[in-house]
Amino acid sequence: MSKTKTSYEYSIEICSTCDGKGFTTKNVLTDYHRREYDTEFHKCVGCDGSGRLECKITTEKWPHVPREVAT
Ligand SMILES: [Zn+2]
């Protein structure tokens, strides 16, 4: 049996791609002569539009056995 113990922690993080907004903006040139721009909104691909990311932090623990002794 493995002596490794695994524990998980879950947390929520603000998406760094969209700063928690859930979308990203992109300025698109609509009129070259008048230099007009339209702002396009795109659903953030990093967080799927939720603005948050779920984090699963895995911690593994096992007995610390000095290598000289173990071999
Ligand atoms: Zn995002």
Amide H of ARG52: which non-local residues (sequence gap of 5 or more, or other chain) have their own amide H closer than 5 Å, using H built in the peptide plane? CYS15
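Kindly count the pairs of lysines across segment 5-70 whose alpha carbons are less than 27 Å apart, treating pairs on different chains or eight or more residues apart as eligible. Intermediate results must be reported in sequence, preceding the final value.
Working: LYS5/LYS56; LYS5/LYS61; LYS21/LYS43; LYS21/LYS56; LYS26/LYS43; LYS43/LYS56.
Pairs that pass both the separation and distance tests number 6.
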Report the Cys residues of the chain lacking a disulfide-compatible partner, meaning no second Cys Cβ under 4.7 Å from their Cβ. CYS55
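State, as an integer percentage, the relative contact order of segment 5-70 based on alpha-carbon contacts under 8 Å between residues 6 or more apart.
On the way: 102 pairs, mean separation 28.8, N = 66.
Relative contact order comes out at 44 percent.
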If amide hydrogens are placed 1.01 Å from N in the peptide plane, which non-local residues have theirs closer than 5 Å to the one on PHE23? CYS44
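Each value in this text was obtained by applying a stated rule to the coordinates, not by laboratory testing. This one's a predicted model, so the numbers in the text were calculated from it and none came from an experiment. Cβ atoms come from the backbone with ideal geometry, glycine included; neighbour counts cover every protein chain shown.
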